[in-house]
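Chemist: The structure's right below; bear with me while I get my questions together.
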Amino acid sequence: MTPMQQIAILPYRKVIAIAMRGLRFRLVKTFLVTCCIALALAFLTYILCSNGMTAHLADRASDALQQRLAREGMLDQLKSADKQSQTAWMLGIALLISFVGIVNAMLISVTERFREIGTMKCLGGLDSFIVKLYLIESLFQGVVGTVLGMVIGVILAYVEGVGRFGGDTWNLLPPGELAVLLVVTFGTGIVLTVAGALYPAWRAAKMEPVDAMRSEV
Amino acid sequence: MSATDNIVSVRGVKRRYKMGDEEVWALAGVDLDIRRGEYLSIMGPSGSGKSTLFNMIGGLDRPTEGQVLMDGQDVRGMDVRQIAYLRCHKVGFIFQTFNLVEVMTAEQNVMLPMTFAGVTDGEASGRARMLLEKVGLGKRYDHRPAQLSGGQQQRVAIARSLANDPDLILADEPTGNLDLKTGEEIIKMLSKFTKEMGKTVISATHDDKMLAASDRVVYLVDGQITQIKTQAELDIKIGGIADRSTGAAH
Ligand SMILES: Nc1ncnc2c1ncn2[C@@H]1O[C@H](COP(=O)(O)OP(=O)(O)OP(=O)(O)O)[C@@H](O)[C@H]1O
Ligand SMILES: [Mg+2]
């Protein structure tokens, strides 16, 4: 009797190719999910940037700007604890909404694609392949959405900054701080999307291939 | 008969489904030896357990009791990667609902089992084109399932089922969603290729017009085999079938 053979693990390159094909085909859905991520991340980046600028008004703004802001009573207003906690709340809610949005979009895509998933499993696809497929799809949307959101957020923060603080805006945030801020936002975006895809990916992998055989649609 | 003459042996297989307090025996003790190279049809009314039996043979489901031996190896003892190997290399599935992956072209659909098998893209693409040519869709390799008729989709599925050159083709009501003429073409094509390539075919059907290609017909009622007929017996019966007094009761 020949020894029992087992299937090879599909290389990541192949899984990525299959995932990309799906994303391209479902372009509208991909776009919407990416936008949802971008929106939340734009908000996060904007808030962090503009808070960072305000925090440095005292030590990095020119004397002229400081005098003008003091005259207009804006310095106290910008630093008020009320405003800070309010933005923190809004930030939390924005991130939560986008997280729920991702989980929801991914879960819908599992239900919609039950036949496709079952078929792939009938043809020799492993559970781990299905998990990777979903994680890669969400990771791709996460990276694109996050980068897009960060760019939008930074632009918004600086446009608003120039409006309020004029040419001083460019000096307010130290480059090192800005870099840290961008890394943190990027990480948040990726963690958010991958975490949002974990449960849906697991659900997809656990689907029985028998369901693909069922004649009822 | 030695184990190698039978590609599949089903021994005392039972399958129970629990629906709340109710128990359904989808298969109530089935014994069946499937010979290498034969075209076997399974006839039976809806709910008789045809699909359940298929799922057992294809490694999609495991029996509650009994054994399924593929090439003499017990499916129940296999781990997930061995089962996946079985589905990928040893069995070609054809479904009633075609089950092509909608985001992929005909060619990519036929390539998929080869990709899972670790075949390189170039080789897989060449073989996919060849198989599509064979089922008469050589020019349509770039079409997506939505751009193909039901009959064409099922032909892509036939090509896909042959992708990794499996010994066994499992077709669960392959003509169930097709009109009579298209259905007959599909059966003809299936039996022609599989005979040419020496494949074993197990095909389920409701319709006795689809039995012409069969070497043997197994009748399944309420999860049990009631009779097995050979082609010779079938010919006699088909003579008498004109008055519609025989054949499957459904
Ligand atoms: N997942 C399930 N849960 C509960 N009962 C099931 C399940 N799958 C099948 N059954 C039951 O098992 C029996 C056999 O079903 P099966 O699908 O094998 O029949 P079939 O012969 O393929 O019918 P059809 O011709 O309609 O496809 C039926 O009574 C069915 O209700
Ligand atoms: Mg069935």
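The values are calculated or read from the model by the stated rules, or taken from the named source; none is laboratory data. All of these numbers come straight from a predicted model, not from anything done at the bench. Virtual Cβ from ideal backbone geometry, glycine too; neighbours counted across all protein chains shown. All accessible areas refer to the heavy atoms of the entire protein, side chains included, with ligands and DNA or RNA removed. Shrake-Rupley method; radii C 1.70, N 1.55, O 1.52, S 1.80 Å.
The rows are residues; the columns are (1) more than 19 Å from the chain's Cα centre (by Cα); (2) of a type in the set (Ser, Thr, Tyr).
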site	(1), (2)
B:37	no, no
B:41	no, yes
B:56	no, no
B:65	yes, no
B:69	no, no
B:75	no, no
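Chemist: Which one is nearest to residue B:148 (Cα to Cα) among residues in segment B:76-93 that are in contact with a strand residue (DSSP E or B) (Cβ under 7 Å, 6 or more places away or on another chain) and surrounded by 22 or more Cβ atoms within 10 Å (Cβ to Cβ)? Spell out the reasoning first.
Modeler: Step one: of segment B:76-93, the residues in contact with a strand residue (DSSP E or B) (Cβ under 7 Å, 6 or more places away or on another chain) are B:76, B:86, B:90-93.
Still in the list and also surrounded by 22 or more Cβ atoms within 10 Å (Cβ to Cβ): B:86, B:91-93.
Numbers: B:86: 29, B:91: 25, B:92: 21, B:93: 19 Å.
So the residue we want is B:93.
Chemist: Output the residue which, of all residues in segment B:92-121 that are aromatic (Phe, Trp, Tyr) and in a loop (DSSP other than H, G, I, E, B), is nearest to the chain's Cα centre (by Cα). Working first, answer last.
Modeler: Filtering segment B:92-121 down to residues aromatic (Phe, Trp, Tyr) leaves B:93, B:95, B:98, B:116.
When the remaining residues are screened for being in a loop (DSSP other than H, G, I, E, B), the result is B:95, B:98.
Numbers: B:95: 8, B:98: 12 Å.
Residue satisfying both the conditions and the ranking: B:95.
Chemist: From the list A:52, A:22, exactly one residue is assigned to a helix (DSSP H, G or I) and either away from chain B (no Cβ under 14 Å) or open to solvent by 90 Å² or more (accessible area, probe 1.4 Å) (or both). Which is it?
Modeler: Values: A:22 fails: either away from chain B (no Cβ under 14 Å) or open to solvent by 90 Å² or more (accessible area, probe 1.4 Å) (or both).
Among A:52, A:22, only A:52 is assigned to a helix (DSSP H, G or I) and either away from chain B (no Cβ under 14 Å) or open to solvent by 90 Å² or more (accessible area, probe 1.4 Å) (or both).
So that you can scan it fast, the table gives a plain yes or no per residue for (1) in a loop (DSSP other than H, G, I, E, B); (2) open to solvent by 70 Å² or more (accessible area, probe 1.4 Å); (3) in contact (Cβ under 8 Å) with a residue 60 or more places away in the chain; (4) farther than 19 Å from residue A:119 by Cβ:
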residue: B:155; (1), (2), (3), (4): no, no, no, no
residue: B:159; (1), (2), (3), (4): no, no, no, no
residue: B:187; (1), (2), (3), (4): no, no, no, yes
residue: B:201; (1), (2), (3), (4): no, no, yes, yes
residue: B:213; (1), (2), (3), (4): yes, no, yes, yes
residue: B:218; (1), (2), (3), (4): no, no, yes, yes
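Chemist: Only one of B:142, B:121 is closer than 22 Å to residue A:128 by Cβ, at pLDDT 95 or above and open to solvent by 10 Å² or more (accessible area, probe 1.4 Å); which? Before you say what the answer is, go through the steps one by one.
Modeler: On the way: B:142 fails: closer than 22 Å to residue A:128 by Cβ.
Exactly one of B:142, B:121 is closer than 22 Å to residue A:128 by Cβ, at pLDDT 95 or above and open to solvent by 10 Å² or more (accessible area, probe 1.4 Å), namely B:121.
Chemist: Does residue B:141 qualify as being more than 14 Å from every other protein chain (Cβ to nearest Cβ) and within 16 Å of ligand 2 (Cβ to nearest atom)?
Modeler: Numbers: more than 14 Å from every other protein chain (Cβ to nearest Cβ): yes; within 16 Å of ligand 2 (Cβ to nearest atom): no.
So residue B:141 fails the test.
Chemist: Can I ask one more? What residue, of B:62, B:76, is in a helix (DSSP H, G or I), modelled with pLDDT under 95 and more than 10 Å from every other protein chain (Cβ to nearest Cβ)?
Modeler: On the way: B:62 fails: in a helix (DSSP H, G or I).
After applying the criteria, what remains is B:76.
Chemist: Of a type in the set (Ser, Thr, Tyr), without any contact (Cβ under 8 Å) to a residue 60 or more places away in the chain, in a helix (DSSP H, G or I) and more than 13 Å from chain A (Cβ to nearest Cβ): which single residue out of B:182, B:194 fits that description? Explain how you work it out, then say what you get.
Modeler: Numbers: B:194 fails: without any contact (Cβ under 8 Å) to a residue 60 or more places away in the chain.
Matching residue, one of B:182, B:194: B:182.
Chemist: Looking at A:96, A:69, A:75, which is the one that is modelled with pLDDT under 85, among the aliphatic types (A, V, I, L, M) and assigned to a helix (DSSP H, G or I)?
Modeler: Numbers: A:96 fails: modelled with pLDDT under 85; A:69 fails: modelled with pLDDT under 85.
Unique residue meeting the criteria: A:75.
Chemist: Still on this model: Give segment A:26-63 a look and list any residue that's among the β-branched types (Val, Ile, Thr), out of contact with any Gly (no Cβ under 6 Å at 6 or more places or on another chain) and within 16 Å of residue A:97 (Cβ to Cβ), or say none.
Modeler: Of all residues in segment A:26-63, those among the β-branched types (Val, Ile, Thr) come to A:28, A:30, A:33-34, A:37, A:45, A:47, A:54.
Adding the requirement that they be out of contact with any Gly (no Cβ under 6 Å at 6 or more places or on another chain) leaves A:28, A:30, A:33, A:47, A:54.
Across segment A:26-63, the qualifying residues are A:33, A:47.
Chemist: Test of understanding: among A:42, A:64, A:38, which residue is modelled with pLDDT of 90 or more, surrounded by fewer than 16 Cβ atoms within 10 Å (Cβ to Cβ) and farther than 30 Å from residue B:77 by Cβ? Full working, then the answer.
Modeler: Details: A:42 fails: surrounded by fewer than 16 Cβ atoms within 10 Å (Cβ to Cβ); A:38 fails: surrounded by fewer than 16 Cβ atoms within 10 Å (Cβ to Cβ).
Residue meeting the stated conditions: A:64.
Chemist: Moving on to the next point. Quick check, is residue A:146 part of a helix (DSSP H, G or I) and crowded, with 20+ Cβ neighbours inside 10 Å? So that I can check it myself, show each step before the final result.
Modeler: Values: part of a helix (DSSP H, G or I): yes; crowded, with 20+ Cβ neighbours inside 10 Å: yes.
Answer is yes for this residue.
Chemist: Any residue that is away from ligand 1 (no atom under 16 Å from the Cβ), within 14 Å of another protein chain (Cβ to nearest Cβ) and either open to solvent by 30 Å² or more (accessible area, probe 1.4 Å) or not in a helix (DSSP H, G or I) (or both) - is there at least one of those in segment A:130-142?
Modeler: yes
Chemist: Looking for whichever is of a type outside the set (Val, Ile, Thr), touching a strand residue (DSSP E or B) at 6+ places or on another chain (Cβ under 8 Å) and open to solvent by less than 20 Å² (accessible area, probe 1.4 Å) here; the options are B:44, B:72. Which one fits?
Modeler: Working: B:72 fails: open to solvent by less than 20 Å² (accessible area, probe 1.4 Å).
Answer to the selection: B:44.
Chemist: Go through A:46, A:12 for me and flag whichever is touching a helix residue (DSSP H, G or I) at 6+ places or on another chain (Cβ under 9 Å) and away from every other protein chain (no Cβ under 14 Å).
Modeler: On the way: A:12 fails: away from every other protein chain (no Cβ under 14 Å).
None of the other options fit; the residue is A:46.
Chemist: Return the residue satisfying two criteria in turn: it lies in segment B:13-46 and is part of a loop (DSSP other than H, G, I, E, B) and without any contact (Cβ under 8 Å) to a residue 60 or more places away in the chain, and of such residues it is nearest to ligand 2 (Cβ to nearest atom). Reasoning before the result, please.
Modeler: Restricting attention to segment B:13-46, the residues satisfying the condition of being part of a loop (DSSP other than H, G, I, E, B) are B:20-21, B:36-38, B:44-46.
Imposing the further condition that a residue be without any contact (Cβ under 8 Å) to a residue 60 or more places away in the chain reduces the set to B:20-21.
Values: B:20: 22, B:21: 25 Å.
So the residue we want is B:20.
Chemist: Kindly indicate which of B:201, B:217, B:221 is among the β-branched types (Val, Ile, Thr) and either touching a Pro at 6+ places or on another chain (Cβ under 6 Å) or within 16 Å of ligand 2 (Cβ to nearest atom) (or both).
Modeler: Working: B:201 fails: either touching a Pro at 6+ places or on another chain (Cβ under 6 Å) or within 16 Å of ligand 2 (Cβ to nearest atom) (or both); B:217 fails: either touching a Pro at 6+ places or on another chain (Cβ under 6 Å) or within 16 Å of ligand 2 (Cβ to nearest atom) (or both).
The match here is B:221.
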